Structure formats: structure tokens, C-alpha cells
Amino acid sequence: MESLTSQKCVACQADAPKVTDDELVEFIKEIPDWEPLTEDSILKLRRVFNFDDYAQAVRFSNQVADLAEQ
């Protein structure tokens, strides 16, 4: 199985292949700060980020936006 860091993210689609339970166990080892959860029968990942102030949160959000544009 290819590691997460060597893969490129692709947009989710309803017919996209889902990870198996075994794959999920292995992938979660690579992203320990993330939590798998199921909402409305949909498997999702969640991570909570905490910041000291608003400006720090905005800088982080802008960095995420820049990465998403790549």
C-alpha cells in the first residue's frame, strides 16, 4: 500500500473507491492527529486546530488556502 504522503488528493465523488477497514487502520497510523468518524453513514476525518488568537487562525487558514490552490 502506498503511503499517504506519496499520494495526491483527488476530489471526492460518490462513485470513488472507499478505503477498506484494513486500509483505514494503516492510514490512521500515518495521521495520528486526525480522528475518523461517521456522520450520516459517511466516513469522515476530523482534526481540531487551536490558536492563541484570531490573527494566528487567519494566517493558518490562508496557508491552507494556498496549499489547496496547488
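The values are calculated or read from the model by the stated rules, or taken from the named source; none is laboratory data. All values derive from a computational prediction rather than experimental measurement. Please note: Cβ atoms are built from the backbone with ideal geometry, for glycine as well, and neighbour counts cover all protein chains shown. The accessibility values were calculated without ligands, DNA or RNA, using every heavy atom of the protein model including side chains. Shrake-Rupley method; radii C 1.70, N 1.55, O 1.52, S 1.80 Å.
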Checking Leu43 against (1) surrounded by fewer than 10 Cβ atoms within 10 Å (Cβ to Cβ); (2) touching a residue at least 24 places away in the same chain (Cβ under 8 Å), the condition it does not meet | (1)
Out of the range 48-70, which residues are outside any helix (DSSP H, G or I) and open to solvent by 90 Å² or more (accessible area, probe 1.4 Å)?
-> Val48, Asn50, Asp52, Glu69, Gln70
Please indicate, with yes or no, whether at least one residue in the range 9-20 is outside any loop (DSSP other than H, G, I, E, B) and open to solvent by 90 Å² or more (accessible area, probe 1.4 Å).
-> no
Check off (1) in contact (Cβ under 8 Å) with a residue 12 or more places away in the chain; (2) surrounded by 11 or more Cβ atoms within 10 Å (Cβ to Cβ) for Thr5 and give me the number that stays unchecked.
-> (2)
